[in-house]
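No value in this document is a laboratory result; all are computed from the given coordinates. What you are looking at is a predicted structure, and each value in this text was computed from that prediction instead of being measured. We place every Cβ from the backbone using ideal geometry, glycine too, and count neighbours over all the protein chains shown.
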């Protein structure tokens, strides 16, 4: 004798089939950086999330996005949430998260150099024109082949110019403030510089690109670190490009997809697409 199949029973069977096939509704949990972050500024500009209308800039980042104030915060959120998506510096990438290809192109040094990976930016240092000889000497080291070797070893894209650095016994004590993306690289550069100048001291403050630039303007730091381009109000400072970096779109390691288009990334981070089923 056949059992009577109710509408509820059919619904349960169908729902179970959808879950088994991985087609159940799964809300995308967008993770972004805070306002003032150079990584956010570069990411939103490159992906088209940031709209420019004459002198006005409108950041259309999804209003329900989870805002984190550091690279580490973004990574921890993605590690703990299989439906989360965020973005970090290529140099900060490790095997605790999955990096997505963008338009079929992987984020690596070769693809950033040849321009096929589209989400990339410069790492910039700013200082005042009348900076001390010690500050200028430190920047000279970073631009030398010895400094650029450190840039490459730390996973960023270097630009060696055939410049050799010779120590100067620099014993200054300076403050370097700004981008949380640049700060880990800066720590390594300071270590490398101190091998030539053991008495040199640097207080590195990871405060965000905008805060770092402002600190130089206000004379509370001698060098500012930025992972975005300078605004017109900041162009009175000397600028040095010390590395190129990719911005990597990251997801949980258990996430099934390996690739997103740039258009899909924009739709996700503006809230136009809010469910993984829609992709």
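Measure nothing fancy, just the Cα-based angle from helix 183-194's long axis to the longest principal axis of the chain, in degrees from 0 to 90, nearest 10.
30
Quick one: give the max-minus-min coordinate of the C-alpha atoms of the stretch 162-239 along each principal axis, largest first, in Å.
Cα spread of the stretch 162-239 along its principal axes, largest to smallest: 35, 27, 22 Å.
Can you give me the Cα centroid spacing of the stretch 80-158 and the stretch 205-220 in angstrom?
19
Please report, in whole Å³, the volume per residue of the convex hull around the C-alpha atoms of the stretch 51-151.
Working: hull volume 19.5 nm³, N = 101.
Hull volume normalised by residue count: 193 Å³.
Can you give the alpha-carbon Rg of the stretch 37-104 over 2.2 N^0.38 Å, where N counts its residues?
Values: Rg = 13.3 Å, N = 68, 2.2 N^0.38 = 10.9 Å.
Relative to the 2.2 N^0.38 Å estimate, the stretch 37-104 comes out at 1.21.
Once all Cα-Cα distances of the chain are split into 10 Å bins that start at 0, what whole-number percent is in each one?
The distribution over the chain is 6, 26, 30, 19, 10, 4, 3, 1, 1, 0, given as percents.
Using the alpha-carbon atoms, what tilt in degrees (0 to 90, nearest 10) does helix 133-143 show relative to the longest principal axis of the chain?
50
Could you state the angle between the C-alpha long axis of helix 7-20 and the longest principal axis of the C-alpha atoms of the chain, as a value from 0 to 90 degrees rounded to the nearest 10?
Tilt relative to the chain: about 30 degrees.
Taking R0 as 45 Å, what's the FRET efficiency between residue 103 and residue 172 from their Cβ-Cβ distance, rounded to 0.05? List each step's numbers first, then the result.
Details: r = 45 Å, r/R0 = 1.01.
Working from the Cβ atoms, E equals 0.50.
Counting only DSSP beta bridges with both residues in the chain, tell me the antiparallel percent, nearest 5. The partial results should precede the final answer.
Values: 25 of 41 bridges.
Of the beta bridges lying entirely in the chain, close to 60 percent run antiparallel.
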